[in-house]
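A.B. asks: The structure that follows is given in the form of structure tokens.
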């Protein structure tokens, strides 16, 4: 999971201690003592947690279009070590193979992101500037080049790939099924995963539409272990999308500048 704030263990992690009984029931069997070092390093993911994560990814990835809303909170750690929390809201409109719109509004400002299959455009409404660069003709390839080439990626971008599971599964070291919980009235299954640099939990809705209800990421190798939380709503897999949604709307006189300049302000 590579989601960053402003787009999923050999022992139970401390935050999951209260769920120890559930974890024990779903923990994969320990490797045999005679296993090689290579086998020991194989990810230990509970079968049910692995299956549910793949089902969610397959459902989202198979959709040719969808929209959703996410209410987000994220931490910012000051040099003094004090941890501050900020909030934002994100709107996502996706249409495959090559159209995406992401709108981010929050305590630290706003960003608008358009992709029309030919170029990507990023705009900060608080400034008279925007950035635009050419891009590949499909969403997966476009997202893959954003971070290395332009030093930017929309929040929650892992969920926008054709195979969301593929983008995160290779980094998972351990995974657990923590049972059933409610998120804003939606009955969800709670899964927890451990990676080298982060721990994360995801709540997946029960029923015919296994969509994410909530996501929490802990950046455990960063000072004070900041967190990113997204609560999802309004998933729509048959949206009526106007083509104009993917065309940048820029005020007259807006000046084009390099991507690095816009992203440095986020």
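Residues are listed down the side, and each one gets a yes or a no for (1) surrounded by 14 or more Cβ atoms within 10 Å (Cβ to Cβ); (2) modelled with pLDDT of 95 or more; (3) part of a loop (DSSP other than H, G, I, E, B):
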{"site": "70", "(1), (2), (3)": "yes, yes, no"}
{"site": "75", "(1), (2), (3)": "yes, yes, no"}
{"site": "140", "(1), (2), (3)": "yes, yes, no"}
{"site": "155", "(1), (2), (3)": "yes, no, yes"}
{"site": "165", "(1), (2), (3)": "yes, no, no"}
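A.B. asks: Just a yes or no: is a residue in the range 172-180 over 17 Å from the mean Cα position of the chain (by Cα), surrounded by 13 or more Cβ atoms within 10 Å (Cβ to Cβ) and not in a strand (DSSP E or B)?
C.D. replies: Yes, there is a match, as at least one residue in the range 172-180 is over 17 Å from the mean Cα position of the chain (by Cα), surrounded by 13 or more Cβ atoms within 10 Å (Cβ to Cβ) and not in a strand (DSSP E or B).
A.B. asks: Looking at the range 86-109, which of its residues are farther than 27 Å from residue 162 by Cβ and either outside any strand (DSSP E or B) or under 18 Å from the mean Cα position of the chain (by Cα) (or both)? Outline the logic, then answer.
C.D. replies: Step one: of the range 86-109, the residues farther than 27 Å from residue 162 by Cβ are 86-87, 105-109.
Hits for the range 86-109 are 86, 87, 105, 106, 107, 108.
A.B. asks: Against the definition (in contact with a helix residue (DSSP H, G or I) (Cβ under 6 Å, 6 or more places away or on another chain) and modelled with pLDDT of 50 or more), how does residue 54 come out, yes or no? Break it down into steps so the answer makes sense when it comes.
C.D. replies: Values: in contact with a helix residue (DSSP H, G or I) (Cβ under 6 Å, 6 or more places away or on another chain): yes; modelled with pLDDT of 50 or more: yes.
It is true that residue 54 is in contact with a helix residue (DSSP H, G or I) (Cβ under 6 Å, 6 or more places away or on another chain) and modelled with pLDDT of 50 or more.
A.B. asks: Being within 17 Å of residue 62 (Cβ to Cβ) and touching a strand residue (DSSP E or B) at 6+ places or on another chain (Cβ under 9 Å) is the filter here, so list the residues in the range 129-167 that pass it. Spell out how you get there, then give the answer.
C.D. replies: Taking the range 129-167 and keeping what is within 17 Å of residue 62 (Cβ to Cβ), we get 138-140, 158-167.
Hits for the range 129-167 are 139, 159, 160.
A.B. asks: Could you say whether any residue in the range 184-194 is over 24 Å from residue 71 (Cα atoms) and in contact with a helix residue (DSSP H, G or I) (Cβ under 9 Å, 6 or more places away or on another chain)?
C.D. replies: At the first step, the residues of the range 184-194 found to be over 24 Å from residue 71 (Cα atoms) are none.
Looking for residues that are over 24 Å from residue 71 (Cα atoms) and in contact with a helix residue (DSSP H, G or I) (Cβ under 9 Å, 6 or more places away or on another chain), one finds none in the range 184-194, hence no.
A.B. asks: All but one of (1) surrounded by fewer than 20 Cβ atoms within 10 Å (Cβ to Cβ); (2) in contact with a helix residue (DSSP H, G or I) (Cβ under 9 Å, 6 or more places away or on another chain); (3) in a strand (DSSP E or B) hold for residue 199; state the number of the condition that does not hold.
C.D. replies: For residue 199, the exception is condition (1).
A.B. asks: In this structure, is residue 234 in a strand (DSSP E or B) and surrounded by fewer than 13 Cβ atoms within 10 Å (Cβ to Cβ)?
C.D. replies: Details: in a strand (DSSP E or B): yes; surrounded by fewer than 13 Cβ atoms within 10 Å (Cβ to Cβ): yes.
Yes, satisfied.
A.B. asks: Does residue 245 count as on the phi < 0 side of the Ramachandran plot, surrounded by fewer than 19 Cβ atoms within 10 Å (Cβ to Cβ) and at pLDDT below 95?
C.D. replies: Values: on the phi < 0 side of the Ramachandran plot: yes; surrounded by fewer than 19 Cβ atoms within 10 Å (Cβ to Cβ): yes; at pLDDT below 95: no.
Spelling it out, it is not the case that residue 245 is on the phi < 0 side of the Ramachandran plot, surrounded by fewer than 19 Cβ atoms within 10 Å (Cβ to Cβ) and at pLDDT below 95.
The values are calculated or read from the model by the stated rules, or taken from the named source; none is laboratory data. Note that the structure is a prediction, hence the values are computed from the model and not measured. Neighbour counts run over all protein chains shown; Cβ positions are idealised from the backbone, glycine included.
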